1. Spelling out what I want: for every residue of the stretch 8-18, take phi, set θ = phi - 60°, compute 6.51 cos²θ - 1.76 cosθ + 1.60 (Karplus), and round to whole Hz; glycine and proline get x.
2. Indicate, rounded to the nearest 5 percent, the antiparallel portion of the DSSP beta bridges found entirely in the chain.
3. When DSSP assigns beta bridges and you keep just the ones with both residues in the stretch 95-190, what percent turn out antiparallel, to the nearest 5?
4. Cα convex hull of the stretch 98-172: how many Å³ per residue?
5. Send over the semi-axes of the stretch 129-180's equivalent ellipsoid, whole angstrom and largest first, taken as the square roots of 5 times the C-alpha gyration tensor eigenvalues.
6. Which cross-chain or sequence-distant (5 or more) residues have an amide H under 5 Å from the amide H of residue 144, H modelled 1.01 Å from N in plane?
7. For helix 186-195, report the angle its Cα long axis makes with the longest principal axis of the Cα atoms of the chain; keep it between 0 and 90° and round to the nearest 10°.
8. I need the phi-derived Karplus couplings for the stretch 71-82: 6.51 cos²θ - 1.76 cosθ + 1.60, θ = phi - 60°, integer Hz, Gly and Pro marked x.
Amino acid sequence: LEVDESLVLEALDVAEGRRLIAREVYSDVEYIYLRAYHDAECYVAKKLLLLDAGCPSFDYEDIERLIDKSQIETGITYAPMQRRALYEALRSGVLLLTGGPGTGKTTIIKGLLNIFNGLGLRVGLAAPTGRAAKRMSVATSAEAKTVHRMLETIRNEGVTPLFGRNRDNPLEEDVIILDEASMIDLPLIEALLVAMKRGSRL
């Protein structure tokens, strides 16, 4: 910054006093966050833990039966890793699925759609961009929306978007399947999680 270190430290103290920044210490290293991003990160972590812990689970036999039934209905024989992914999605409130192109992620999404729809759960498919949502729709033969459309974005004059779906008007879906999640920024995933009701799955 080409200024004296004492000025930087003083400015950080002033910024912290005005609640513009937050400080965290990990492994004896101090990290400085913009307050809004710190609060958002903390909220996202807590909400993911709440969703994971608060979702009704199925027992092992029921999950195996549901996966076998899905294989018959879809005509797809799941590979061992695909079965494991389906099992974890039914056992957990939050599942993060990674894999390169051609590893069967879309097949897993189709299987989850089949199983959750068969259980009478409302499933929402979403992606961060219109192109990704369209690809998801074509691949699954089910409607996929952008996250902004799912949250019913309201145009406003401010920098921060407003959403029609929020804590007071939560999403109706019991399950949200989010594609290309690595493309989503912190404020948008926070908004999605704020709008997800307790007991729903991600």
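The values are calculated or read from the model by the stated rules, or taken from the named source; none is laboratory data. As the structure is a prediction and not an experimental result, all values here were calculated from the model. Positions of Cβ are backbone-derived with ideal geometry, glycine not excepted, and every protein chain shown enters the neighbour counts. Note: accessible area is taken over every heavy atom of the protein model, side chains too, but ligands, DNA and RNA are not part of it. Shrake-Rupley method; radii C 1.70, N 1.55, O 1.52, S 1.80 Å.
1. 3J(HN,Hα) across the stretch 8-18, in whole Hz: 5, 4, 5, 5, 5, 4, 5, 4, 5, x, 8.
2. Rounded to the nearest five, the antiparallel share is 50 percent.
3. 20
4. 124
5. 23, 15, 7
6. 137
7. On a 0 to 90 degree scale, this one is about 60.
8. Once θ is set to phi - 60°, the couplings for the stretch 71-82 become 4, 5, 5, 8, x, 10, 9, 6, 5, x, 5, 5 Hz.
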